[in-house]
Amino acid sequence: MSDYSIHNSEKYFNCLEGTLHSKLFDMNVPFQAKNCEEVYAKRCAEFFEKLDLDSEAFSELVYAGIDYLNDLLDERGDEFDLGEELDEITPEDFLRITAPVVIVFEMHNLLTEDDSPVGFSIKMHLRAVPDELFELAMQEERAIYAGEYRGVSPWNDKLLKKKWNYVEE
């Protein structure tokens, strides 16, 4: 059974807001659904709630996120304390030391709500360092972006060609 709530945003025009429960991160996560109706937002929320590490696209996204975190920790790890020493970050470690700040569901602007696959970006942070943000984005069956927080669209396929994107094409 799905565990989410959806309502019209009071802050943003043509946007729905809500909360879903993520078993992956063991927490309730706020979400926004841009330029869509409640049917698409529900489909996205249900899709996200069912994600696990067995999903090929999500697993690829997590490994790209791990690569980003490894580079971040190599470059700036002495600036903050994660509360533990991690020699090698596993997918399970990744889910434990990071947390979603907000998920943004976004349908493809050239497709109808019924035809548009699930697409979302996740604004993430390190649990021990909440102001250290990064982002993950995927389409239903395809990892699109992992890296520094930029507010990307999951439908921007040009992101796959960017050298600062940790998802490999």
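Summary table below
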{"item": "Computed helical MRE - 222 nm, the chain, DSSP H runs ≥ 4 contributing -39500 (n - 2.57), nearest 500", "result": "-8000 deg cm²/dmol"}
{"item": "Filtered GluC sites (Glu not before Pro), the range 54-102: DSSP coil and at most 16 other beta carbons within 10 Å", "result": "GLU84, GLU85, GLU88"}
{"item": "Heavy-atom SASA rank of THR90, THR112, THR98 (probe 1.4 Å, accessible area, largest first)", "result": "THR112, THR90, THR98"}
{"item": "C-alpha center-to-center spacing [the range 33-104, the range 120-150] in angstrom", "result": "6"}
{"item": "Dimensions (Å) - the range 39-169, Cα atoms, principal axes, largest first", "result": "47, 29, 26"}
{"item": "MET124 accessible area, 1.4 Å probe, all protein chains in place, Å² to nearest 10", "result": "0"}
{"item": "Gaussian network model of the chain, springs between alpha carbon atoms under 10 Å - residue of LYS50, LYS42, LYS34 with greatest fluctuation", "result": "LYS50"}
{"item": "Placed amide H near ARG127: partners under 5 Å, 5+ positions off or other chain", "result": "THR98, ALA99"}
{"item": "Percent antiparallel among DSSP beta bridges (both partners in the chain, rounded to 5)", "result": "90"}
{"item": "Value of Rg/Rh across the range 95-161 [Cα atoms, Kirkwood radius]", "result": "1.02"}
{"item": "Solvent exposure ordering (accessible area, 1.4 Å, most first) of TYR166, TYR40, TYR63", "result": "TYR63, TYR166, TYR40"}
{"item": "Rg and Dmax of the range 1-61, Cα atoms only, in Å", "result": "12.3, 36"}
{"item": "The range 62-135 - Rg and Dmax from Cα coordinates, angstrom", "result": "15.3, 48"}
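The values are calculated or read from the model by the stated rules, or taken from the named source; none is laboratory data. Owing to the predicted nature of the structure, the values given are computational and were not obtained by experimental measurement. Positions of Cβ are backbone-derived with ideal geometry, glycine not excepted, and every protein chain shown enters the neighbour counts. Just so you know, the surface numbers come from the protein's heavy atoms only, side chains and all, with ligands and any DNA or RNA stripped out. Shrake-Rupley method; radii C 1.70, N 1.55, O 1.52, S 1.80 Å.
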